[in-house]
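Encoded as structure tokens, the structure appears first; notes follow it.
FYI, it's all coordinate maths here, none of it is from the lab. Only a predicted model underlies this, so the values are computations on that prediction, with no experimental measurement involved. No Cβ is skipped: glycine too gets one built from the backbone with ideal geometry, and neighbour counts run over all protein chains shown.
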């Protein structure tokens, strides 16, 4: 696993992020503008740093498999996501992605390069996947931003998301590969979950997590049919209908050509809601449909 270390402290203003499925930033980084700043109080004393551990989590839906809203049993072999411009920030005031405000960073650290991780790695007891570790100033990192860009190499080369696995229903088994071209950007506030994350003490480690909610795409067969997670989801049935010789192998162009207009609109609308920090929401920007 590639590890990158950065000691940069910057003041950032996230200039072009705005809520909305089809808003465009012209492919800019989530931190659109930065300027050099005097060292913050947190990092002014020698040794007042620790290690920030950035992880990515597809949750149990990806690692263990699940039942979709339309009754397909889905198990993933691989779910690759390609992440770039990963930036963790200490913000004051706290960044609220749902309020439409600007992220005001007192300090930030950035992971260099593009990182491709497999969210399906490991079993149900596995920790979220390690993305990178960076040296960072002590303090509370209460914001996380990243872009999703096409992978530069490896099995998912050319795609931002690559999902591969098997789906079964009523005795029918369909191997599937779904390859997503769209570039996305997320700027998120504080992690929301059972445990606090991002509170870094000097000389110690603290986790931050980019969380991906694939139940938004497929729905959840364990939830009521009229639950929001299901009413807004695509499900697997529209993908199963695209099978050729018993196999689904599609990219975004094939989805646009094969799905109904309503189904494809639903698919596009779901993509910007995949990124979270635990249950915490993000400001979502659709960058490019390739």
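What ranking, highest mean first, results for peptides 228-240, 116-128 when packing means the other Cβ atoms within 10 Å averaged over each residue? Don't skip to the end; give the middle numbers.
Numbers: 228-240: 18.2, 116-128: 16.0.
Taking the mean over residues of other Cβ atoms within 10 Å, the ranking is 228-240, 116-128.
Along Cα→Cβ, 7 Å out, is where each label goes; now give me the distance between the ones at residue 104 and residue 157 in nm to one decimal.
4.6
Suppose the chain between residue 262 and residue 92 were pulled fully straight at 0.36 nm per residue; how much longer would it get relative to their current alpha carbon spacing?
This chain segment gains 57.1 nm when fully extended.
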